[in-house]
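All remarks here apply to the structure that follows.
The values are calculated or read from the model by the stated rules, or taken from the named source; none is laboratory data. Note that the coordinates shown come from a computational prediction; the quantities given were computed from them, not determined experimentally. FYI the Cβ positions are ideal-geometry reconstructions off the backbone, even for glycines, and counts take in every protein chain you see. Accessible surface is based on the protein model in full, side chains and every heavy atom, while ligands, DNA and RNA are left aside. Shrake-Rupley method; radii C 1.70, N 1.55, O 1.52, S 1.80 Å.
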Amino acid sequence: MAGDRDSQGRSGDTAPARLASMTGGRAPVRLRQLRYFLAAADYGSFRKAAAALSIQESSISRRIRDLEDDLGASLFQRSHGGVRLTVAGQEFMPSARHALRQIDIGVTRVAAVGRAEEGVLKLGIFSSLASGFLFDLLGAFGKQHPKVRVHLVDGDPAEHVAAVRNLELDAAFVTGAGHRDGCETEQLWFEHVFVVLPESHPLAAKAALAWSDIARERFIVSDAPPGPEIHDYLVAHLSDLGRHPDIQFQKVGRDNLLSLVALGRGLTLTSEATIGAQFRGIVYRQLAGEVLPFSVVWSARNDNPASRRLLSMARAVSTHILQVSR
């Protein structure tokens, strides 16, 4: 074919198929030339190599002659009985075989990443992994794509959204269902809100609590996320009851905060996923009528195949939950 010849009339691949330029200003060696060279060396015959590759013998002979011209050395000694490598051909063969092996490995890995069989996924999370939607989602994803490395980052939702926008995170799971500038957002699930209190607290005897039950209580929250969000949530709802809530910030993480609740330092709030983790000395009581929406945030510019697979699976899990709850 006309498109199969170079400017000097020799056969060859198009520019995207070239491997690399040889040193000394020689013409580039092409991938197809290497494959034909190795086939001829393995079979000891242009005719047998051509049959194995389902091409004409003249194609192999021409391409290898072009390769020899490019390299400036004869690679085969030709005879009626077949071909055998010259000293130059023997020197060239290990490099040619190694080059093709590396290319094949690279193609296999790229294809695996494209199918989300391998790769890296960076996710921002704001909900507990003790149970619930994220626990189920990441468990299912891990079973279907065990070679994808998943890195989780706790933190502030605003920071996560900015990281998603800058392609530093593939996706973030955050509270709320509103629009996020520069990002795509989709609401996936809801979680009930629970009050965390000492097991010896008088309110622990009730199956569920109302805002009026806890209006006069002291609360503690972490100074790290989601503490500030819980603080604002308490202020907004208790202010409606005409109360100025007593809320103290603690410089501790979630686990130690719950231990402080057990020690009687105050109550706190948490989402439904957290109650899968049991801590000594505390109980969880549902706050009647309160639910939190959770959404996934991602960038339309993100082309990570593993991220697209995760989003697809998240939608499937969300749909299943809605169907079961009806």
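Here are a few things to note about the model shown:
- Among the candidates 128, 74, residue that is in contact with a Gly (Cβ under 8 Å, 6 or more places away or on another chain), at pLDDT 90 or above, in a loop (DSSP other than H, G, I, E, B) and of a type in the set (Ser, Thr, Tyr): 74
- A count restricted to the stretch 215-236 and to residues that are modelled with pLDDT of 90 or more, out of contact with any Gly (no Cβ under 7 Å at 6 or more places or on another chain) and within 13 Å of residue 257 (Cβ to Cβ) stands at 2.
- When residue 185 is tested against (1) outside any loop (DSSP other than H, G, I, E, B); (2) open to solvent by 40 Å² or more (accessible area, probe 1.4 Å); (3) out of contact with any Ser or Thr (no Cβ under 7 Å at 6 or more places or on another chain); (4) touching a residue at least 60 places away in the same chain (Cβ under 8 Å), just one condition goes unmet, and that condition is (3).
- Screening residue 264 on (1) touching a residue at least 60 places away in the same chain (Cβ under 8 Å); (2) more than 41 Å from the chain's Cα centre (by Cα); (3) surrounded by 15 or more Cβ atoms within 10 Å (Cβ to Cβ) shows it passes everything except condition (3).
- Filtered residues of the stretch 311-326 (kept if part of a helix (DSSP H, G or I) and either open to solvent by 80 Å² or more (accessible area, probe 1.4 Å) or without any contact (Cβ under 8 Å) to a residue 12 or more places away in the chain (or both)): 312, 315, 316, 319, 320, 322, 323, 324, 325
- Considering residues of the stretch 293-310 that are buried (at least 18 other Cβ atoms within 10 Å of the Cβ) and among the hydrophobic types (A, V, I, L, M, F, W, C) only, the residue farthest from residue 222 (Cα to Cα): 306
- Being hydrophobic (A, V, I, L, M, F, W, C), open to solvent by 40 Å² or more (accessible area, probe 1.4 Å) and part of a strand (DSSP E or B) is a property that holds for residue 288.
- Number of positions in the stretch 139-155 that are in contact (Cβ under 8 Å) with a residue 40 or more places away in the chain, open to solvent by 70 Å² or more (accessible area, probe 1.4 Å) and within 24 Å of residue 322 (Cβ to Cβ): 1
- Considering 136, 213, the condition of being in a helix (DSSP H, G or I), in contact with a helix residue (DSSP H, G or I) (Cβ under 7 Å, 6 or more places away or on another chain), free of Cβ contacts under 8 Å to residues at least 24 places away in the same chain and surrounded by fewer than 21 Cβ atoms within 10 Å (Cβ to Cβ) is satisfied by 213 alone.
- Residue in the stretch 51-62 that is open to solvent by less than 70 Å² (accessible area, probe 1.4 Å), assigned to a loop (DSSP other than H, G, I, E, B) and farther than 22 Å from residue 101 by Cβ present: no
- Residues located in the stretch 225-260, provided they are open to solvent by 60 Å² or more (accessible area, probe 1.4 Å) and either among the aliphatic types (A, V, I, L, M) or under 16 Å from residue 274 (Cβ atoms) (or both): 229, 241, 254, 255, 256
- Single residue of 75, 71 found to be crowded, with 16+ Cβ neighbours inside 10 Å, in contact with an Asp or Glu (Cβ under 8 Å, 6 or more places away or on another chain) and of a type outside the set (Gly, Ala, Ser): 75
- Flag for residue 97 being closer than 30 Å to residue 119 by Cβ, open to solvent by 40 Å² or more (accessible area, probe 1.4 Å) and either modelled with pLDDT of 90 or more or not aromatic (Phe, Trp, Tyr) (or both): yes
- Residues in the stretch 282-326 that are at pLDDT 90 or above, over 28 Å from the mean Cα position of the chain (by Cα) and of a type outside the set (Lys, Arg): 9 in all.
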